[in-house]
Amino acid sequence: MVEIAVLSKETIDQIAAGEVVERPASVVKELVENAMDAGADAITVEIRDGGTSFIRVTDNGCGIPKEQLRLAFTRHATSKIRSAQDLAGVRSLGFRGEALSSIGAVAKVEMITKPKEQWMGCRYVIEDSQETAAEDVGSPDGTTIMVHQLFWHLPARRKFLKSNQTEGNHIAELVERLALSHPEISFCLISNKAEKLHTSGSGSLLDAVYQVYGRDIAANLLPVSSGDGKFRVEGFLGNSTIARGSRSLETFFVDGRYVRSPLLSRALEEGYLGYLMQHQYPFCVLQIVTEGAAVDVNVHPTKQEVRFEDEIAVARFLTELVRERLHRREDIARIEAPPPKEEPSPLQTIPMVVEPFEEKKLSDIRAKIADEIRSDTPYRQQYEQRSFLDRKTMDAHRLIGQVFGTYWMVEYDGQLYIIDQHAAHEKVLYERTMAALADKQMTSQMISPPLIVTLTKAEQGLLETYGSAFTRLGYSVSPFGGNEFAITAVPDNMFSLDVRRMFMDLLASCAQETMPKDESLVMEKVASLSCKAAVKGNHRLSEAEIRALIDELLTLDNPYHCPHGRPTMIAVTKEELEKRFKRIVS
Ligand code: ADP
Ligand code: MG
């Protein structure tokens, strides 16, 4: 027998809470949005243990009158709209009347609130959707709401939470975005008693960007401001130096609301086409202001998605705006354009002619061979055994020259070897790094002044996870306040490269899911990535360096493959050439 029954209020609240309250950051989002809707211009968010054990949001907004407190915690109770018609013009961040009731269903919630007009404030406590206290207390104007032990009686929900660190990072990212969305509000974030962010609330978006991301980013921005009657776009575009390997620094607000929008991202990136390298994504903080009817914010319970009435129009407008703005800017290097004329690299100046065989080397070899013929082993056998890798005979290789800016031709022992400079360089660096790691002899090169980089919360998480691998490689990175980190030392063999680019590339590679769990494998992976990055950043090697590189390559146990499995060299035998020229028929 199937029995149909109406669910209890608690069950309904918990089901609804599942949609609204996914993790501590969702609680913070709802509470801060309420504070913003309440007209606050100073909002403090305090969390402990990534928000799992404690969240406090204090504002100086309008407060809630005592007699309406109970209603505020009731599902679908809101002061912000009265009917569906109001949705079209809704300017407040909240309007569904679900947040407080949902949070009250999954945690112990305590609120102290006082409207200006009232003498006394009120303390209201709700636990498991049950009101447990409602009393008069002295309090400043505004509202403080505290959420204790989120999901304390819902182990299944708790299980889905990530580490406190990760949950805390989500909250920090969120507060950063909120601070950027409203530069006129002063935001303060305190995590485990330490202040993580404090914006001035000066009203200037550039100030907010500086306070959130630091000077490195703030110094590389282009302001934009443009409108076409339907949309207005205000904010900043980053130049190519602060581009990232992911979309983490693309921030869009639509009517003051942070949104994730593939449409806007694509339109932005389209505008940057030709200005960034492949797989690089720009920095932006853009506020898009629409006329009320042109956008629907009621697409998703957390309202992080929006639907534009005319998607093509908004995308085209954004792309054009970005393109036009970047075009006006001369100091962003265009990748499409021919690269600026560089000093001719020593590599390119090596003539492609066969150099005369050096007499001295020749006589050395003759002497060696003569040595061997004296020896016990028959000469022929020794000759056979002599391999390309044999240090003794290495001198006999002859560097012919470079082709296509990348490949080195080497003649040795009846074979023509074609060596890929990049793969060879990577291989040599990698072997050197691994050998030094094994001997615990990694050396660092101090850089002075230190390089200051701004890391997103996600990047900070990666640094935390893989930090020891970085340290063992020779990096020294320390917090520099806010989201800034100071790199004071880099691995020795990577000195003189673009330290910032390489470090960022390395962090981005750590984000890939193929990252192994095992500590020593992580080391290997980071070492190989760093070598790859080092090579990418260093196209120019002098002829002397190339010679040394080939010498070193040839001493390796397996010189034929780079750490990523690509061949470092291919060999063409004399016989093969002769066959091709039909000098011999096989
Ligand atoms: P919504 O924000 O969608 O209206 P909520 O459940 O988040 O729904 O809040 C319910 C109501 O409680 C709001 O409409 C608002 O009137 C009141 N409220 C909540 N938080 C605050 C606050 N910090 N200051 C003043 N009023 C608040
Ligand atoms: Mg709300």
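The values are calculated or read from the model by the stated rules, or taken from the named source; none is laboratory data. As the structure is a prediction and not an experimental result, all values here were calculated from the model. All Cβ positions, even for glycine, are placed from backbone atoms using ideal geometry, and neighbour counts span all protein chains on display. Ligands, DNA and RNA are excluded from the accessible area calculation, which covers all protein heavy atoms including side chains. Shrake-Rupley method; radii C 1.70, N 1.55, O 1.52, S 1.80 Å.
Go through the range 260-296 and report how many residues are among the hydrophobic types (A, V, I, L, M, F, W, C), assigned to a loop (DSSP other than H, G, I, E, B) and loosely packed, with under 14 Cβ neighbours inside 10 Å.
Taking the range 260-296 first, the residues among the hydrophobic types (A, V, I, L, M, F, W, C) are 263-264, 267-268, 273, 276-277, 283-286, 288-289, 293-295.
Those left that are additionally assigned to a loop (DSSP other than H, G, I, E, B): 273, 276-277, 283.
Going one step further and asking which of them are loosely packed, with under 14 Cβ neighbours inside 10 Å, we end up with 273, 277.
Residues flagged as among the hydrophobic types (A, V, I, L, M, F, W, C), assigned to a loop (DSSP other than H, G, I, E, B) and loosely packed, with under 14 Cβ neighbours inside 10 Å within the range 260-296 amount to 2.
Scan the range 548-571 residue by residue and report those that are open to solvent by less than 80 Å² (accessible area, probe 1.4 Å) and at pLDDT 80 or above. Hits for the range 548-571 are Ala548, Leu549, Ile550, Asp551, Glu552, Leu553, Thr568, Met569.
Whether any residue in the range 128-142 is within 15 Å of ligand 2 (Cβ to nearest atom) and not aromatic (Phe, Trp, Tyr) is what I want to check. Steps first, please.
Of the residues in the range 128-142, the ones within 15 Å of ligand 2 (Cβ to nearest atom) are none.
No, that holds for no residue.
Would a scan of the range 397-413 turn up a residue that is outside any helix (DSSP H, G or I), open to solvent by 20 Å² or more (accessible area, probe 1.4 Å), among the aliphatic types (A, V, I, L, M) and at pLDDT below 85? No; the residues of the range 397-413 include none that is outside any helix (DSSP H, G or I), open to solvent by 20 Å² or more (accessible area, probe 1.4 Å), among the aliphatic types (A, V, I, L, M) and at pLDDT below 85.
Is it true that Gly238 is modelled with pLDDT under 90, small (Gly, Ala, Ser) and open to solvent by less than 20 Å² (accessible area, probe 1.4 Å)?
Values: modelled with pLDDT under 90: no; small (Gly, Ala, Ser): yes; open to solvent by less than 20 Å² (accessible area, probe 1.4 Å): yes.
No, not satisfied.
State whether the residues of the range 64-75 include one that is open to solvent by less than 60 Å² (accessible area, probe 1.4 Å), assigned by TED's automatic domain parsing to the domain that holds Asn164 and near ligand 1 (Cβ under 7 Å from one of its atoms). Yes - at least one qualifying residue is present in the range 64-75.
Restricting attention to the range 40-57, the residues being among the aromatic types (Phe, Trp, Tyr) and within 10 Å of Val28 (Cβ to Cβ) number 0.
I'm trying to understand the selection: among the residues of the range 1-37, which are of a type outside the set (Val, Ile, Thr), assigned to a helix (DSSP H, G or I) and closer than 22 Å to Arg48 by Cβ? Ala17, Pro24, Ala25, Ser26, Lys29, Glu30, Leu31, Glu33, Asn34, Ala35, listed by residue number.
Is it the case, given these coordinates, that Ala40 is in contact (Cβ under 8 Å) with a residue 60 or more places away in the chain and either open to solvent by 60 Å² or more (accessible area, probe 1.4 Å) or more than 29 Å from Val254 (Cα to Cα) (or both)?
Working: in contact (Cβ under 8 Å) with a residue 60 or more places away in the chain: yes; either open to solvent by 60 Å² or more (accessible area, probe 1.4 Å) or more than 29 Å from Val254 (Cα to Cα) (or both): no.
When the stated conditions are applied, Ala40 does not pass them.
Determine whether Arg123 is in a strand (DSSP E or B) and either away from ligand 1 (no atom under 12 Å from the Cβ) or of a type outside the set (Lys, Arg) (or both). The answer is yes for Arg123.
Taking the range 198-229 as the range and being exposed (fewer than 15 other Cβ atoms within 10 Å of the Cβ), at pLDDT below 90 and in a loop (DSSP other than H, G, I, E, B) as the test, the residues that pass are Ala219, Asp228, Gly229.
One line per residue, one yes/no per condition, for (1) farther than 30 Å from Glu167 by Cα; (2) at pLDDT 50 or above; (3) part of a helix (DSSP H, G or I); (4) among the small types (Gly, Ala, Ser):
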position	(1), (2), (3), (4)
Met352	yes, no, no, no
Lys360	yes, no, yes, no
Met394	yes, no, yes, no
Glu426	yes, yes, yes, no
Leu429	yes, yes, yes, no
Met434	yes, yes, yes, no
Gly461	no, yes, yes, yes
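Only one entry in Val106, Val57 is within 14 Å of ligand 2 (Cβ to nearest atom), under 28 Å from Lys193 (Cβ atoms), in contact (Cβ under 8 Å) with a residue 24 or more places away in the chain and not assigned by TED's automatic domain parsing to the domain that holds Val289, namely Val57.
In the set Val147, Val137, only one residue is in the same structural domain as Gln68 (by TED's automatic domain parsing), more than 11 Å from ligand 1 (Cβ to nearest atom) and surrounded by fewer than 20 Cβ atoms within 10 Å (Cβ to Cβ); that residue is Val137.
Against the conditions (1) within 11 Å of ligand 2 (Cβ to nearest atom); (2) surrounded by 19 or more Cβ atoms within 10 Å (Cβ to Cβ); (3) more than 30 Å from His153 (Cβ to Cβ), Ser92 satisfies every one except (2).
Inclusion of Gln85 among residues that are touching a residue at least 12 places away in the same chain (Cβ under 8 Å), away from ligand 2 (no atom under 16 Å from the Cβ) and either in contact with a Pro (Cβ under 8 Å, 6 or more places away or on another chain) or part of a helix (DSSP H, G or I) (or both) is not warranted.
When the range 241-254 is limited to residues that are assigned to a strand (DSSP E or B) and of a type in the set (A, V, I, L, M, F, W, C), the one that is modelled with the lowest pLDDT turns out to be Val254. Listed by first and then second residue, the pairs linking a residue in the range 563-578 that is under 30 Å from Tyr430 (Cα atoms) to a residue that is aromatic (Phe, Trp, Tyr) and modelled with pLDDT under 80, with Cβ atoms under 8 Å apart and 6 or more places separating them unless they lie on different chains, are Pro567/Tyr560; Thr568/Tyr560; Met569/Tyr560.
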